[in-house]
Amino acid sequence: MLSIALAGKPNAGKSTFYKAATQADVDVGNYPFTTIDPNRGVTHARTRCPCLDREERCGNCEDGTRYVPVELLDVAGLVPGAHEGRGLGNQFLDALTNADVILNVVDASGGTNEEGEPVEVGTYDPLEEVDFVEEELEQWLTGIIDRNWESVERKSRSPDFDIDDALTEMLTGFGATEHDVAASLRSLDYPTDPMQWEDEDREKLARDIRARTKPIVLVANKADIAPEENLERLRETDKPVVPTTADGELALRKAAEAGVVEYLPGDEEFEIVGDISDAQAEGLEKIREVMAEYGGTGVQQSINRAVYDVLDVLTAYPVQNETKWTDGTGEMLPDAFLLPRGSTPKDLAYAVHSDIGEGYLHAVNARSNRRIAEDYELDEGDVVKIVSTAS
Ligand SMILES: Nc1nc2c(ncn2[C@@H]2O[C@H](COP(=O)(O)OP(=O)(O)OP(=O)(O)O)[C@@H](O)[C@H]2O)c(=O)[nH]1
Ligand SMILES: [Mg+2]
């Protein structure tokens, strides 16, 4: 499963985002370090279900809106110097190593300082938080590379030494693949002999690997109380930014669960369908205004931005019956897989099960009922029958 991590300074609203996105009950509080141990749960990316192209809905979506599971991780707040052990230190940096993408939750309202302590709204500059997660990650990774460099030097004395292999072995724990390391080395200028590497070379490697393996989306949270100017300035940075009200999303999800509003995560608006008090109505109207301004609460939009834009994955649907789009039990469009763009039907087969991948014979496009070429690159929403010796 794809893994998304929430990171950022304390009190920015990570756990509120997590609670809204996973419907899990976790602690939220207006003080730093409410969260100590990481929370791990499941949220969803939202996409258009292929069953919209058929007469009937599949039963695995919300009237054509499909939610595909992804993992969400909520970690302790990060303070400057975390890589040296400040705050809760390295422990949660460790927790981030499995993440495919990071949502850097920023308090766009400027109502908390760099340690996460409440201050008057608008007095702390959220731009200070923009580069901070990546800097901590980079410093931390640089430390790992420095500490392990001696072993690379030792290996380099062997005649069959290969720098790609040595670095892949070292960086795999950080989520770097052989491909990432190769691409990184191609883009950097570095001495061939590891003994000649300077601190600077290792730091450049750390920065490049971080950028490849842990891309970042800025969640400009507390948009409901943020000065407009702050959001404008955050938008001018070089990162993808999503104005968000995690609190608003949480309230809407609760209201939807209670049956008083009609709202699907990621909708741009909601409808009040039940009896509510005046106070509730007032609260919901405030959320409605923020949503109208930003095109939703931002929670689902942040997840989708991370999954479909930054990680650039697509959703593919394996089926056994190419006419009915069902599996062996008659369930329509039972599964959705998120695969990197460029994936082929064989990659989908492997994602379903390694046996299906190994026994792969060919695939059929269930929309056209035509056999798919071996090198066909899957598209968003493809429905595919896999023919395998294992199925
Ligand atoms: N106005 C407003 N407040 C919010 C929003 N999201 C979260 N908060 C508040 O911000 C405070 C901190 O929220 P948490 O979710 O606990 O923050 P955190 O980032 O998990 O904090 P730590 O676990 O301490 O690092 C709480 O008082 C929340 O109610 C939002 O969108 N708008
Ligand atoms: Mg928290």
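The values are calculated or read from the model by the stated rules, or taken from the named source; none is laboratory data. Bear in mind the structure is a predicted one, so any value in this text is a computation, not a measurement. Cβ: placed from backbone, ideal geometry, glycine included. Neighbour counts: every protein chain shown. Keep in mind that these areas ignore ligands, DNA and RNA; they rest on the heavy atoms of the full protein, side chains included. Shrake-Rupley method; radii C 1.70, N 1.55, O 1.52, S 1.80 Å.
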Within region 306-335, considering residues that are in contact with a helix residue (DSSP H, G or I) (Cβ under 9 Å, 6 or more places away or on another chain) and under 26 Å from ILE216 (Cα atoms), the one surrounded by the fewest Cβ atoms within 10 Å (Cβ to Cβ): LEU314
In region 348-368, residue most open to solvent (accessible area, probe 1.4 Å) [restricted to those that are assigned to a helix (DSSP H, G or I) and of a type in the set (A, V, I, L, M, F, W, C)]: VAL352
Pairs where the first residue, in region 250-277, is open to solvent by less than 40 Å² (accessible area, probe 1.4 Å) and basic (Lys, Arg) and the second is modelled with pLDDT of 95 or more and not in a loop (DSSP other than H, G, I, E, B), C-beta under 7 Å, 6+ apart: ARG253/ALA20
Qualifying residue in region 113-121 (condition: open to solvent by 30 Å² or more (accessible area, probe 1.4 Å) and small (Gly, Ala, Ser)): no
All positions within region 14-33 that are farther than 23 Å from ARG86 by Cβ and among the charged types (D, E, K, R): LYS19, ASP25
For PHE33: the one exception among (1) hydrophobic (A, V, I, L, M, F, W, C); (2) within 10 Å of ligand 2 (Cβ to nearest atom); (3) at pLDDT 95 or above: (3)
Failed item in (1) buried (at least 21 other Cβ atoms within 10 Å of the Cβ); (2) at negative phi, with LYS222 passing the rest: (2)
Which numbered condition SER158 misses (of (1) over 30 Å from the mean Cα position of the chain (by Cα); (2) in contact (Cβ under 8 Å) with a residue 40 or more places away in the chain; (3) open to solvent by less than 80 Å² (accessible area, probe 1.4 Å)): (2)
